[in-house]
Amino acid sequence: MNKLRSAASALLGALVLISQPAAALEYPLPPAGSRLIGENQEYTVPEGNLPLEAIAAQFQLGLTNMLEANPGVDPYLPKPGSTLLIPHQLILPDAPREGIIINVAEMRLYYYPKGRNVVEVLPIGIGQLGTDTPENWVTTVQRKKANPTWTPTAKVHAEYAAKGEPLPAVWPAGPDNPMGLFALYIGRLYAIHGTNASFGIGLRVSHGCVRLRNDDIEYLFKQVPVGTRVQFVNQPVKASVEPDGGRYIEVHEPLSRTHEELNSNMSVPLPMTPALTRFIAHADTDSLAVKQALEQRTGVPLRLNPIVIASEN
């Protein structure tokens, strides 16, 4: 699966987005006791040179979401006529259904609008290795700003200077600003913001902030009030026992911690909490299904126990 991360990162210098992103994905909240939302769908790649990034944007997904769900797909130009799985079925993160929840492991942002029985899901880009986005942090939206400026840190200045690309002390506002046209500030060092690039959503590309496509951050900027709760979590493995007894698990490739992990062909070890271990060890669990989920890490919910059909007698 690290080949997946490497292939995704390789697109950063060459890929150009050629389709407009869809509106925010809005799901009705599931009933009490349920965390499973949405349905997957299939998509046939049309004729022409349509990059996978453009398909991901069309279905409001990040590039890594598509690569995980479709192992072996060409990350540049998927084959016309081939069928792709669009991973729109999700397990909600194990976190309060309030405000904004950012699961860095799956590179998705979940927004629970106050007073509405829905959740809106948006794909994000996160911090590069060494400039990581927070993983376990609760904060709030402290202020909002349209047309933000960007003040690079001393570390960022040094990084760009080493490449022969010195930065100004303050990057002026405008469409060329790396923060895009809208920003939600969530702390002294972090923000949820747009971008001046046409790629990078669903990848580790930022200097620690949360990056959204420009239409998405504009939408979020208009919807989210100052003071909204924001929680960062790192949950590459999500599980749910549904009201009908179905036991589901959704597994993503964990974030690499070292450059060796990032560049290795070996999978990063999955963090297994005692609760997840007990969930997997349940008597109804199909061991082959568990093995498939933990090894393939498709980011798609998989049922671990058979569907029981009630007898008519």
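Is it possible to state the helix-based mean residue ellipticity at 222 nm for the chain, with each DSSP H run of 4+ residues giving -39500 (n - 2.57), the sum divided by total residues, to the nearest 500 deg cm²/dmol? What is it? Could the numbers behind the result be given before it?
On the way: 8 runs with 64 residues, N = 313.
Value at 222 nm, helices only: -5500 deg cm²/dmol.
Between region 198-217 and region 54-108, what is the separation of their alpha carbon centroids in Å?
Measuring centre to centre over Cα atoms gives 14 Å.
On average, how much accessible surface per residue is there in the chain, in Å², for a 1.4 Å probe, leaving out ligands, DNA and RNA?
Working: 14620 Å² over 313 residues.
Counting only protein heavy atoms, the per-residue value for the chain is 47 Å².
Among all the lysines, which ones have a C-alpha under 21 Å from Lys291's C-alpha, if same-chain residues fewer than 8 places away are not counted?
Lys3, Lys238
What is the antiparallel percent of DSSP beta bridges lying wholly in the chain, to the nearest 5?
On the way: 39 of 47 bridges.
In the chain, approximately 85 percent of DSSP beta bridges are antiparallel ones.
Cross-link candidates for Lys222: which lysines have Cα within less than 26 Å, leaving aside residues fewer than 8 places away along the same chain?
Candidates past the 8-residue exclusion: Lys114, Lys144, Lys145.
Per the 1.4 Å probe, what fraction of the accessible area of the chain, in percent, lies on carbon and sulfur atoms?
Values: 8040 of 14620 Å².
That fraction is 55 percent.
Show the residues, 5+ positions off or on another chain, whose built amide H is closer than 5 Å to the amide H of Val233.
When sequence neighbours closer than 5 places are left aside, the close amide H contacts are Ile102, Asn103, Val104.
The values are calculated or read from the model by the stated rules, or taken from the named source; none is laboratory data. Nothing here was measured: the structure is a model prediction, and the numbers come from that model. Quick note on the areas: whole protein, heavy atoms, side chains included, nothing else; ligands and nucleic acids left out. Shrake-Rupley method; radii C 1.70, N 1.55, O 1.52, S 1.80 Å.
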